[in-house]
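The values are calculated or read from the model by the stated rules, or taken from the named source; none is laboratory data. Note that the coordinates shown come from a computational prediction; the quantities given were computed from them, not determined experimentally. We place every Cβ from the backbone using ideal geometry, glycine too, and count neighbours over all the protein chains shown. These accessible areas exclude ligands, DNA and RNA; they are computed on the full protein's heavy atoms, side chains included. Shrake-Rupley method; radii C 1.70, N 1.55, O 1.52, S 1.80 Å.
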Amino acid sequence: SCETWGEVHPTSYEAAAEVHTKHEAMEAHLKDTRFTCVIWNKLYKREIITAHFPEGKLHEDLFWTYQIIDQCSTLVHTAVPLYYHFHRSDSITGCTYTLSRIADLLEGGFMRCQFVTKKYPELADMVRIKYYLQSQWFVQYIKRRKIDHGEACISEVLAGIHSLGITWLYKSSAS
């Protein structure tokens, strides 16, 4: 796939396909490489899709992609752009963060963290640190923007971090 904010100028590509196990794909997903969180840059085999989008949530791909990766035995990556993803200024990704949008992002990240920690224990530290960094960015965003009712969201985030067992980050000896 190819992301664009304007006109498309197709070019020819020669790229080999790379075959990955679901473990490799999950690790790449957590690193935001090859198998990123977004839904639009993948082709899916209908038979593997058993996960559903959560109703009423924004950023449903965060709640969904890791589950689909887990349902695959093999995944293939190619750099050939098979379709174009057009960004619109009025889309969700072009809007500012509201408290409900932040809450959905954090909930999706938390659920992914719990899932990966349980099913891929060797990736637990990676997903926990990713969630911690994501949540801290949003905590700072809420504080800087003085978002109404943000304190409750911050308290929930801190409780979530604690429940994931990443309290070691708060130790003064942690670098």
- [ ] Can you figure out the FRET efficiency of L82 with F115, using R₀ = 35 Å and their beta-carbon distance, to the nearest 0.05?
- [x] 0.80
Open item on the list: Let me check I've understood the local charge: for L75, count other residues with C-beta under 15 angstrom from its C-beta, Lys and Arg +1, Asp and Glu -1. What total comes out?
Closed with: 0
- [ ] Could you state how much accessible area S100 has, in square angstrom rounded to the nearest 10, with a 1.4 Å probe and all protein chains kept in place?
- [x] 70 Å²
Task: Probe 1.4 Å - accessible area at C72, Å² to nearest ten - done: 20 Å²
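Give me the extension gain from E122 to K45: residue separation times 0.36 nm, minus the current Cα-Cα distance, reported in nm with one decimal. If you can, show how the numbers build up before the last one.
Numbers: separation 77, 0.36 × 77 = 27.72 nm, distance 2.72 nm.
Gain on extension, E122 to K45, equals 25.0 nm.
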Open item on the list: Just to verify a number: what accessible area does M111 come out at with the full protein assembly present, 1.4 Å probe, Å² rounded to tens?
Closed with: 80 Å²
TODO: Mind giving me the nanometre distance, one decimal, between the label points for K143 and T98, set 7 Å out from Cα along Cα→Cβ?
DONE: 2.5 nm
Open item on the list: Cut-off 17 Å, label point 7 angstrom out along Cα-to-Cβ of S73: give me the residues of the stretch 35-67 whose amide nitrogen falls inside.
Closed with: 45-50
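Could you tally the net charge around K57, taking each other residue with its Cβ under 11 Å from the Cβ of K57, Lys/Arg +1 and Asp/Glu -1?
Details: positive: R101; negative: E55, E60, D61, D104, E107.
Here the count lands on -4.
Do any of K22/K130; K31/K118; K31/K119; K118/K143; K22/K119 go past 22 Å between their Cα atoms, and which? Working shown, then result.
Working: K22/K130 19 Å; K31/K118 18 Å; K31/K119 17 Å; K118/K143 32 Å; K22/K119 11 Å.
Beyond 22 Å between Cα atoms: K118/K143.
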Task: Local net charge near K45, Cβ-Cβ under 15 Å (Lys/Arg +1, Asp/Glu -1) - done: +1
